[in-house]
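Any read-out appearing in this document is the output of simple, stated calculations on the displayed coordinates, not a laboratory observation. Treat the numbers as computed from the prediction; the structure is a model and nothing was measured. Neighbour counts are summed over all protein chains in view; Cβ atoms, including those assigned to glycine, are modelled from backbone coordinates with ideal geometry.
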Amino acid sequence: MKSERKITASAPGRINILGNPTDALEGAYAVISAAVELRARIKLKKNGKMTAAPADNPLSAASLSLELKKLSGAPLLFSSLLKVLKRYFPDEANTVLSDKPDIYYATEIPPESGLAGSTALLAALAEALRTAYSLDRRKLNDYIIAELIQRAEEEAGIVCGYADRYACVMGGLAYMDFRGKLHHKPLRKEPLATYERLDRYVDHIPLVICYLGIRRRSGDIHRKFRAAYMKEWAKAKAGGKSELVAIMRKVGLTAMKGKYALLEQDWETFGKLMNLNHALVDKAMRLAGFAEGAGHYNNMVIKYALKSGALGAKLSGAGGGGSVLVLVEPGKETTAASKLEEYMKRAGLSSAKAYLFTLAKKGATAERL
């Protein structure tokens with residue numbers, strides 16, 4: 001096989017640092033997010049049989065199809081992206097579909113960790129497709145790719161906000177504005193998100209990422225939370241009062257205020273806003289019907305981190321497991337990570353792991369082999 005027929009691509013995971021989940025999921029406000037150097041990877045071979053397989057088990061290939069009902073896992077994700085591409089960009093989709101590429105995938109992102117693992121796979125695949133087939137990057141620019149991934153995950157039954165999609169595609173540390181995107185309308189029927197890179201001013205945040213090792217379907221949590229919010233939003237729009245809507249408005253304000261603290265590297269204030277963000281979301285989740293709020297183990301790890309001197313701690317993803325972010329004083333990240341991982345293991349979270357935050361300045365990238 002000729003070398004130009006092979007493409008490798010990768011895309012980073014992400015953490016939501018302040019303001020989530022108001023990234024047009026429960027609300028349409030602002031979020032501060034960062035791409036992290038845990039990457040999903042794709043190897044694409046042109047002129048194949050239209051299959052997908054784990055890179056470490058290529059013999060287990062599954063066929064890709066625009067008929068999604070019988071698919072699951074990565075093949076469902078990849079097929080969903082192709083289906084959405086065909087809906088909005090049929091000529092480009094036909095170029096891909098007629099060639100029938102084979103796709104091999106791997107990831108460094110822990111499963112169901114709240115670090116945007118499924119989105120990172122799709123971002124890597126989209127970049128592989130743009131590169132392999134020389135797709136027009138003016139039409140299929142990064143903003144459009146992020147929006148297509150949003151709709152692809154919806155096709156696959158995954159409910160999630162827009163921050164994941166933009167951060168995995170574009171990389172870096174960013175302040176994102178999602179006004180006008182609450183209803184998840186078709187492409188071009190709502191504004192694109194505003195993605196403001198902040199890593200030219202701040203290239204490091206003293207964070208520890210605590211992966212709890214509790215697997216859960218984050219989309220199921222978001223689906224229930226969003227349904228409760230949209231019901232309350234409709235009530236508030238009709239003139240009624242809604243505590244849930246009021247809380248989520250305050251959550252969005254943590255990112256707006258946090259931008260000041262972040263640019264000044266005022267970590268004490270930034271930590272207080274993280275704590276406020278989490279307290280509000282924990283309360284909101286209880287109002288939405290989650291008996292344990294943000295999650296028993298999530299709250300337990302956050303409580304321990306703050307008791308141990310952390311400046312702030314909060315959820316990164318949906319809650320009920322996934323990951324927790326802990327802000328510490330600069331220079332204390334390694335010690336804090338060791339103590340946090342030891343604590344999680346003692347608490348019975350045998351698969352837990354604490355990562356030092358490393359910013360991924362590059363989003364999705366690809367190269368020809």
How big is the charge dipole of the chain about its Cα centre, in debye rounded to the nearest 20, if each Lys and Arg gets +1 on its Cβ and each Asp and Glu gets -1 on its Cβ?
780 debye
For residue 83, list the aspartates and glutamates whose Cα falls under 19 Å from its own Cα; do not include residues on the same chain fewer than 8 positions away.
67, 91, 92, 99, 102, 127, 136, 142, 147, 153, 154, 155
Counting other beta carbons within 10 Å of each Cβ, put 245, 301, 169 in order, fewest first.
245, 301, 169
Can you tell me the order of 124-133, 202-211 when each peptide is scored by its average per-residue count of other Cβ atoms within 10 angstrom, highest first?
124-133, 202-211
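Determine the alpha carbon to alpha carbon distance for each of 303/353; 237/283; 189/314 and list only those over 23 Å. Can you show the working numbers first?
Values: 303/353 17 Å; 237/283 21 Å; 189/314 33 Å.
From 303/353; 237/283; 189/314, over 23 Å: 189/314.
Among 33, 134, 242, which comes first, second and so on when ranked by fewest other beta-carbon atoms within 10 Å?
Working: 33 29, 134 8, 242 18.
Least crowded to most crowded, the residues run 134, 242, 33.
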Pick out, from 337, 8, 242, the residue whose Cα sits farthest towards the positive end of the charge dipole of the chain, with +1 on the Cβ of Lys and Arg and -1 on the Cβ of Asp and Glu.
242
Which pairs in the list 139/362; 49/69; 139/250; 69/235 are over 26 Å apart, alpha-carbon to alpha-carbon?
139/250; 69/235
Kindly put 199, 177, 91 in sequence by how many other C-beta atoms sit within 10 Å of each C-beta, fewest to most.
91, 199, 177
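How would you classify the stretch 292-337 from its alpha-carbon gyration tensor, with a ≥ b ≥ c the square roots of the eigenvalues: rounded for a/c under 1.5, else prolate if a/b is greater than b/c, otherwise oblate? Kindly include the intermediate steps, with their values, before the conclusion.
On the way: a/c = 2.67, a/b = 1.95, b/c = 1.37.
Prolate, because a/c is 1.5 or more and a/b exceeds b/c.
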Treating only the Cβ of Lys, Arg, Asp and Glu as charged (+1, +1, -1, -1), what charge dipole size does the stretch 197-308 show about its Cα centre? Round to the nearest 20 debye.
580 debye
Virtual spin-label span in nm between residue 100 and residue 87, 7 Å along Cα→Cβ
2.6 nm
Got a sec to turn the phi values of the stretch 281-297 into Karplus ³J(HN,Hα) couplings, 6.51 cos²θ - 1.76 cosθ + 1.60 with θ = phi - 60°, whole Hz, x for Gly and Pro?
5, 4, 5, 4, 5, 5, 5, 7, x, 8, 4, 9, x, 6, x, 4, 6
Please report, in debye to the nearest 20, how large the charge dipole of the stretch 120-228 is about its Cα centre when each Lys and Arg carries +1 at its beta carbon and each Asp and Glu carries -1 there.
360 debye
Once the mean of 1/r over all distinct C-alpha pairs in the chain is inverted, the Kirkwood radius in Å reads 20.7 Å
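Is the shape of the stretch 207-356 rounded, prolate or oblate, going by the alpha carbon gyration tensor and its root eigenvalues a ≥ b ≥ c, with a/c under 1.5 for rounded and a/b larger than b/c for prolate?
Oblate, because a/c is 1.5 or more while a/b does not exceed b/c.
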Helix 117-132: inclination vs the chain longest Cα principal axis, degrees, rounded to 10, gives 30 degrees
